[in-house]
Amino acid sequence: MSWKKRGVALALTLVLTVSTSVVMGAPAQQPNNQVQPRAGEPRVATSTKTLVGKCIKMGAKSTGSLGIGGGTKPGIQYDDTCTGTFNDSYDFLTPGTPYEGVSINADNVNYYDNNAQSSPNPIATNQTLVDKSGVLFRGKRWDLRLIQTSENALFKMENDIHFNQFSKFIEITTSITAKSAIGELYIGRHIDSDARIGGSDSSATNNALGYSTIGPDYVVFSETTFSKYVMGYYTGKETNVKTGIAGPWSLDSKVYYGAPDAGNGDNTIGIAAKFNTVASGATVSFTYAYIFGKSAYRSSKMAIDAGLGGGTAGKTPGCTGTAAVCAPVDIGSAVETITPGGPTFTAEPTETPFPTNTKLPTSTHTATAAATSTPTVYSSPTNTNTATNTPTFTPTMTPSPIPFLMKKGAVGASFVLGLLQNNTLVTWGMNREFQTNIPPCCGTGIEDIAVGTNFALALKGGKVYGWGANTLKQITFPATVNKDIVSIAAGGSHGLALSKTGLVYAWGDNGFKQAVTPKGLKDVVSIAAGKAHSLVVKRDGTVAAWGANESGQTKVPAAIVSKPAKKVVQVAGGLDHSVALLDDATVLAWGGNAKGQSTVPANAKDMKQVSAGNQFTLAVRKDGTVFGWGSNEYNQLLIPAEFTDIYNANAGYSNTILGLRNGRIIVLGDQSNGVNASRTPTKSATPTP
């Protein structure tokens, strides 16, 4: 599964409102260096469409700009609760005086289509605006999708505008096909982001280039001055891109590529990409996204986790350090800055429903894999071990109905893999690395499953199969995992396999020696993996751990290292903490505790299963109820009281997946990553003990 630190955001339900682009009693700003429309100048006839999801409602024009405009709603509306509740009075892009558009600067001539301006050089002839929502188009499927095209004498433009029902972003790919050679081309988008959420907010927003460890080339925010809601631009493209804040306002993508920083106030924000020497007939494309949220931290983390704007899921664009250093942290307001690697964290909101009064266990033992182990030998995967089917890009949903109980679930950064009692698989979520494309080998007869950030593992007939990302050899297996394997586990980017003889094999990311098994390790009966550490339970009920230890997650408590009075029967690994289920049905945890994830509630007794996520922990009681403690940023711990027949619980990055005895699969937590889907079976099955 995927693990990265998250900051803190209060679980408030706020209502978005907007102001107009003109402050009462003051003249409206005009874009700099632009020819204004002549009196009586005709506008090109346009068509409009509206897309409505659970979190976002937006209008679009056939010119390529967003927002219906002209006093007609909607512009861009956002509901952080994702209940599909929108109010036309609350809009990031105020209809009536909207200011949003796309700009193409070709050899120093700026062509633009802006919601509020007639262009002297429009990209507005031969317009089309086609709804492709929910259909397979060019190998991709999105719940809500528009394809806009227009052209002029020099080039043809296409905007692919898309998002899903629970997305907290609008992703756009703008493509330009040159009709004649262009020496220097800029593709960009701009907006005057008006947002008033509380009485103290105004159209004069706080504006910031970059956030935390994300450089100013890749993200720009407009943030309300009081409520701290944000709308911003983000791209995962790492070369020849810039963002800017313009005041006076600009309609020119080249201006934004110059990275102006007009700072706070009623200014515009923009994003642009540069292309050199575009030949006649050639096509270039720029992918970027509008991102929204309660805070700059949450929206930027969502963008990185989902790999928006042409990025790689989980990778911070432009950052060349380790994943731990590059991961953004919650530094509060978008206008503040922080040096990578030195964050501090505040306390989690107090609404977490379980007590946190158990002391953190002490330890006198640390696994020393680096000094006492030998590297795992790798071999290339065979064709039968790697998915080769044609991938699709779109988020998928769980099959409906699911006819059998979910025996085991595994949660990645933005997808879920479920093993049903009839040993078949179901999967849903984002599919950017084709991690939800179950290959022909693995539809049935599956014995165990595991997932990492964006890859999946399945055990069948004693062999391990894998599909999805392989950038760190996550699905390039040692030859030893091709037979006699009885269980598997996965961390962020590494995998583990347990043989029937009690030996452990490891592969994948080895940055913290998590894929190097300690020398002499044997008699193992159970395995687990955290983001960058590995855990095992031995036959004598003791635990060994190795890999990352910056938070003490591999510093196993002395009570379960040698001749334990209470034996361990199961372990689980999270972002930076570890959890053990003891044979007396109690729970022990150690490692990171910034969110209370290692502070076990005193009444967490009579347990039968544990799971560790991104700074939170789950434990299922024998009576079918669930305890959860730690981070509750996305309400992943707010388990409805009516669920008292839970068979298993699975902690992910920001989601909780519950398998009920009647076969239902319940998803709680983050609604922006494609994981949230619940299905009811046509029949239930008796769970295996």
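The values are calculated or read from the model by the stated rules, or taken from the named source; none is laboratory data. No experiment lies behind these values; they were computed from the predicted model shown. Here Cβ is always computed from backbone atoms with ideal geometry, including for glycine, and neighbour counts include all displayed protein chains.
In summary, residue 284 fulfils each of the numbered conditions (1) surrounded by 24 or more Cβ atoms within 10 Å (Cβ to Cβ); (2) aliphatic (A, V, I, L, M); (3) part of a strand (DSSP E or B) with the single exception of condition (1).
Every listed requirement among (1) buried (at least 19 other Cβ atoms within 10 Å of the Cβ); (2) among the polar types (S, T, N, Q); (3) not assigned by TED's automatic domain parsing to the domain that holds residue 145 is met by residue 333 save one, (1).
Residues that are surrounded by fewer than 24 Cβ atoms within 10 Å (Cβ to Cβ) and within 21 Å of the chain's Cα centre (by Cα) do occur in the stretch 149-161, at least one of them.
Out of 547, 541, one residue alone is at positive phi, at pLDDT 95 or above and surrounded by fewer than 22 Cβ atoms within 10 Å (Cβ to Cβ). It is 541. Out of 332, 263, 314, 310, report the one residue that is part of a loop (DSSP other than H, G, I, E, B), within 23 Å of residue 672 (Cα to Cα) and touching a strand residue (DSSP E or B) at 6+ places or on another chain (Cβ under 9 Å). Only one candidate qualifies: 310. Residues that are over 17 Å from residue 298 (Cα atoms) and in contact (Cβ under 8 Å) with a residue 60 or more places away in the chain within the stretch 640-657 comprise 647, 648, 650, 651, 657, listed in sequence order.
Determine whether the stretch 568-578 contains at least one residue that is surrounded by fewer than 24 Cβ atoms within 10 Å (Cβ to Cβ) and within 23 Å of residue 519 (Cα to Cα). Yes, there is a match, as at least one residue in the stretch 568-578 is surrounded by fewer than 24 Cβ atoms within 10 Å (Cβ to Cβ) and within 23 Å of residue 519 (Cα to Cα). Residue count for the stretch 642-670 under the criterion of being in a loop (DSSP other than H, G, I, E, B), among the polar types (S, T, N, Q) and crowded, with 24+ Cβ neighbours inside 10 Å: the result is 1. Being over 18 Å from residue 428 (Cα atoms) and hydrophobic (A, V, I, L, M, F, W, C), is that true of even one residue in the stretch 643-657? Within the stretch 643-657, one or more residues are over 18 Å from residue 428 (Cα atoms) and hydrophobic (A, V, I, L, M, F, W, C).
Is it the case that residue 508 is crowded, with 24+ Cβ neighbours inside 10 Å and either in the same structural domain as residue 478 (by TED's automatic domain parsing) or touching a residue at least 12 places away in the same chain (Cβ under 8 Å) (or both)? The answer is yes for residue 508.
The C-beta contact set for the stretch 434-447 (first residue under 20 Å from residue 406 (Cβ atoms) and assigned by TED's automatic domain parsing to the domain that holds residue 461, second residue basic (Lys, Arg) and in a loop (DSSP other than H, G, I, E, B), distance under 9 angstrom, 6+ apart or interchain) is empty. Residues in the stretch 549-604 that are touching a residue at least 60 places away in the same chain (Cβ under 8 Å), part of a strand (DSSP E or B) and polar (S, T, N, Q): 0 in all.
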